[in-house]
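The values are calculated or read from the model by the stated rules, or taken from the named source; none is laboratory data. Only a predicted model underlies this, so the values are computations on that prediction, with no experimental measurement involved. Using ideal geometry, Cβ is built from the backbone for each residue, glycine included, and neighbour counts are taken over all protein chains shown.
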Amino acid sequence: LLMVRPYHVLIREQVDQRLGNPLYLYMKQRQWNFYSMKDVQQKLQRIPQQILSLGTDSKRTTVLICGQFIDFALSQLSDKQVLILQSNPHDQKALQGKNLPENFHLFNLFETLRAYPLRRETNQWIQENISKFENEPFVKKHEIFSLPNFIPWLRSQLVHGIKLVEILTRLIYDHPIGIFLDHSELVYPGNILSLLGRLYGIPFINVQNHLTNDASIIPSRATHYCVWGRHMTQWLNKRGIPKSNIFEIGSLRLSNNEQFIKKNKEDLLRYLGIGENKFIIAFTTQCYFDYINHSIMEWMKKATEQLPILVIVNPHPSDHLSYERYISEGMRLTPPGFHLQEILYTSDLIATISSTTALEGALFKKGIVILQPELPYDYHLNYNGYYQIMADGKGGISVHNGEELILELKKLMSDPRYYEENAEKGQHILHEMLTLGEIKPQERLKNLLDELFFK
């Protein structure tokens, strides 16, 4: 149950090779009765039988959180014992420079795992079961299990997974944990914690932190889901998650973006040495194929050559392409010292394929241009039409090539009414995607925690 994501990675080549074979796909659908993502969720969820009800113990008042939720914990959980799990670089970055109160305790899962010894009897159990499995007749005929790299992969996954299960199980016994709080069940440790939560009767709350796609959440075993808004409620419900388990709280991550704004449009233009007022477009890249990002940059380049605009290119943190060759008077990279939120705030328009920055820009009442180049299928980056999420939601103007982009920009710059209509589209998708209001997402989540502790 813990190997779903690693198995996805392992079988990618075989899946890609067979996608063009409709007969094979039909046979697999018939074999497993997989005709929708709801079928996948229901068949792969495999909730273990509960052995204890630790969540009902009134003495278990500790909240276990991932490090990325530290700001929420500091603002809302000052009255509770908090155990912070640091398991990846994102947690480490979120925790940097934070002063933890006495009731907050840090557990470095990564360092603990590195030093954790595998018991001899456990290692022997792994060897015996792998040998038994390896000699099963069906394994030698199986399209994946018979691959030469499968058994070494399986052994490595078992060792890694068993160590983590033992470490996290020990945490439950060593600390009076009453609730698990994480944003992912895709990888360790969230997938283990959601299973342990079911096993020991401890609520696991899956708190949405990004725009979500199928591979990042299916299968899910959370007991509660805190989502950004009604779009995600409908999306999860369509995949078999009961609406009674879903709570629309808004986004913890996007709720405090205004705090990063210290500079305005004049500051940006002055820094760049641009004297005249410009129509500014913030283009936020994503980690799609290199040629796709280069293609969009060509669209932008032609637009800057024909229109009095300034394009600010903000590469995704994981986008390592060099955009230096495109830099010109009308095209600049986000300058040092300027936060992404300042770029979105000072811009007149946000351009992206499917980035969360579209919603972040809409929070500042900016219009959105949804870039829709022809994207081929990709096992990780583009499946189930994920990149069309903004276009399907009609959150802005969709453009499919450089000519359309220039045409739409001309209309937006010359027709104030057209510009306002586009901004209104952004507000429409914003309210579909995000629950807004006077009550902050942090407060809504805190209220849910209190309800669960008092049950």
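From the list 100, 158, 113, exactly one residue is of a type in the set (A, V, I, L, M), surrounded by 14 or more Cβ atoms within 10 Å (Cβ to Cβ) and in a loop (DSSP other than H, G, I, E, B). Which is it? Spell out how you get there, then give the answer.
Details: 158 fails: in a loop (DSSP other than H, G, I, E, B); 113 fails: in a loop (DSSP other than H, G, I, E, B).
When all the criteria are applied, what remains is 100.
Can you tell me which residue within region 313-341, out of those that are more than 21 Å from the chain's Cα centre (by Cα) and among the small types (Gly, Ala, Ser), is nearest to residue 271 (Cα to Cα)? Show your work before the answer.
Step one: list which residues in region 313-341 are more than 21 Å from the chain's Cα centre (by Cα), which gives 313, 321-338.
If we keep only those that are among the small types (Gly, Ala, Ser) as well, we get 322, 328, 330, 337.
Details: 322: 22, 328: 15, 330: 14, 337: 10 Å.
In this case the residue turns out to be 337.
May I ask you to verify whether residue 212 is free of Cβ contacts under 8 Å to residues at least 40 places away in the same chain and buried (at least 16 other Cβ atoms within 10 Å of the Cβ)? Show your work before the answer.
On the way: free of Cβ contacts under 8 Å to residues at least 40 places away in the same chain: yes; buried (at least 16 other Cβ atoms within 10 Å of the Cβ): yes.
Yes: the conditions hold for residue 212.
What are the residues in region 290-311 that are in contact (Cβ under 8 Å) with a residue 12 or more places away in the chain and within 19 Å of residue 354 (Cβ to Cβ), if any? Step through it out loud before you land on a result.
Looking only at region 290-311, we keep the residues that are in contact (Cβ under 8 Å) with a residue 12 or more places away in the chain, and these are 290, 292-311.
Passing the criteria: 290, 292, 293, 294, 295, 296, 297, 299, 300, 311.
Out of curiosity, is residue 187 at pLDDT below 95 and closer than 16 Å to residue 86 by Cα? Before you say what the answer is, go through the steps one by one.
Details: at pLDDT below 95: yes; closer than 16 Å to residue 86 by Cα: yes.
Yes.
Are there any strands (runs of 3 or more DSSP E) wholly within region 195-308 with 1 or more residues that are outside the structural domain of residue 409 (by TED's automatic domain parsing) and either closer than 30 Å to residue 173 by Cα or touching a Lys or Arg at 6+ places or on another chain (Cβ under 7 Å) (or both), and if so which?
204-207, 224-227, 246-248
Can you tell me how many residues within region 263-285 are closer than 15 Å to residue 413 by Cβ and either of a type in the set (A, V, I, L, M, F, W, C) or in contact (Cβ under 8 Å) with a residue 60 or more places away in the chain (or both)?
First, the residues of region 263-285 that are closer than 15 Å to residue 413 by Cβ: 276-281.
Add one more test, that the residue is either of a type in the set (A, V, I, L, M, F, W, C) or in contact (Cβ under 8 Å) with a residue 60 or more places away in the chain (or both), and what stays is 279-281.
Going through region 263-285 one residue at a time, the tally reaches 3.
Among the residues of region 2-41, which ones are part of a loop (DSSP other than H, G, I, E, B), in contact with a helix residue (DSSP H, G or I) (Cβ under 6 Å, 6 or more places away or on another chain) and more than 25 Å from residue 234 (Cα to Cα)?
Matches in region 2-41: 2, 3.
Residue 373 - would you say it is assigned to a loop (DSSP other than H, G, I, E, B) and either without any contact (Cβ under 8 Å) to a residue 40 or more places away in the chain or under 27 Å from residue 213 (Cβ atoms) (or both)?
Working: assigned to a loop (DSSP other than H, G, I, E, B): yes; either without any contact (Cβ under 8 Å) to a residue 40 or more places away in the chain or under 27 Å from residue 213 (Cβ atoms) (or both): yes.
Here the answer is yes, as residue 373 does meet what is asked.
When you go through 51, 84 one by one, which is the residue that is in the same structural domain as residue 220 (by TED's automatic domain parsing) and surrounded by 22 or more Cβ atoms within 10 Å (Cβ to Cβ)? Quick ask: steps written out before the conclusion?
Working: 51 fails: surrounded by 22 or more Cβ atoms within 10 Å (Cβ to Cβ).
Of the residues listed, the single one that is in the same structural domain as residue 220 (by TED's automatic domain parsing) and surrounded by 22 or more Cβ atoms within 10 Å (Cβ to Cβ) is 84.
Is it the case, given these coordinates, that residue 447 is in contact with a strand residue (DSSP E or B) (Cβ under 6 Å, 6 or more places away or on another chain), polar (S, T, N, Q), part of a helix (DSSP H, G or I) and at pLDDT 90 or above? First the steps, then the outcome.
On the way: in contact with a strand residue (DSSP E or B) (Cβ under 6 Å, 6 or more places away or on another chain): no; polar (S, T, N, Q): yes; part of a helix (DSSP H, G or I): yes; at pLDDT 90 or above: yes.
Considered against the rule, which asks whether it is in contact with a strand residue (DSSP E or B) (Cβ under 6 Å, 6 or more places away or on another chain), polar (S, T, N, Q), part of a helix (DSSP H, G or I) and at pLDDT 90 or above, residue 447 comes out as no.
Going through 403, 408, 438 one at a time, which residue ends up being among the acidic types (Asp, Glu), touching a residue at least 12 places away in the same chain (Cβ under 8 Å) and on the phi < 0 side of the Ramachandran plot? Spell out how you get there, then give the answer.
Values: 403 fails: touching a residue at least 12 places away in the same chain (Cβ under 8 Å); 438 fails: touching a residue at least 12 places away in the same chain (Cβ under 8 Å).
Every option except 408 fails the conditions.
Could you check region 75-91 and list, in sequence order, the residues that are touching a residue at least 60 places away in the same chain (Cβ under 8 Å), farther than 15 Å from residue 449 by Cα and in a loop (DSSP other than H, G, I, E, B)?
Result: 87, single match.
Given the condition surrounded by fewer than 20 Cβ atoms within 10 Å (Cβ to Cβ) and of a type in the set (Ser, Thr, Tyr), answer yes or no: does some residue in region 276-292 qualify?
yes
Can you pull out every residue in region 228-243 that is buried (at least 20 other Cβ atoms within 10 Å of the Cβ) and either touching a Phe, Trp or Tyr at 6+ places or on another chain (Cβ under 6 Å) or without any contact (Cβ under 8 Å) to a residue 40 or more places away in the chain (or both)?
Across region 228-243, the qualifying residue is only 236.
Report, by residue number, each residue of region 389-418 that is surrounded by 16 or more Cβ atoms within 10 Å (Cβ to Cβ) and hydrophobic (A, V, I, L, M, F, W, C).
If the condition is that a residue be surrounded by 16 or more Cβ atoms within 10 Å (Cβ to Cβ) and hydrophobic (A, V, I, L, M, F, W, C), then 389, 390, 391, 397, 399, 405, 406, 409, 412, 413 are the ones that fit.
Scanning for something in contact with a Gly (Cβ under 7 Å, 6 or more places away or on another chain) and closer than 19 Å to residue 340 by Cβ, does region 261-271 turn up at least one residue?
To start, the set of residues in region 261-271 that are in contact with a Gly (Cβ under 7 Å, 6 or more places away or on another chain) comprises none.
Taking every residue of region 261-271 in turn, none turns out to be in contact with a Gly (Cβ under 7 Å, 6 or more places away or on another chain) and closer than 19 Å to residue 340 by Cβ.
Output the residues belonging to region 347-356 that are modelled with pLDDT of 95 or more and either over 22 Å from residue 256 (Cα atoms) or buried (at least 21 other Cβ atoms within 10 Å of the Cβ) (or both).
Those that are modelled with pLDDT of 95 or more and either over 22 Å from residue 256 (Cα atoms) or buried (at least 21 other Cβ atoms within 10 Å of the Cβ) (or both): 347, 349, 350, 351, 352.
Is region 123-146 home to any residue that is among the aromatic types (Phe, Trp, Tyr) and not in a helix (DSSP H, G or I)? Before the answer, list the steps.
Residues of region 123-146 that are among the aromatic types (Phe, Trp, Tyr), as a first pass: 125, 133, 138, 145.
Filter once more, so that each one left must be not in a helix (DSSP H, G or I): 145.
Within region 123-146, one or more residues are among the aromatic types (Phe, Trp, Tyr) and not in a helix (DSSP H, G or I).
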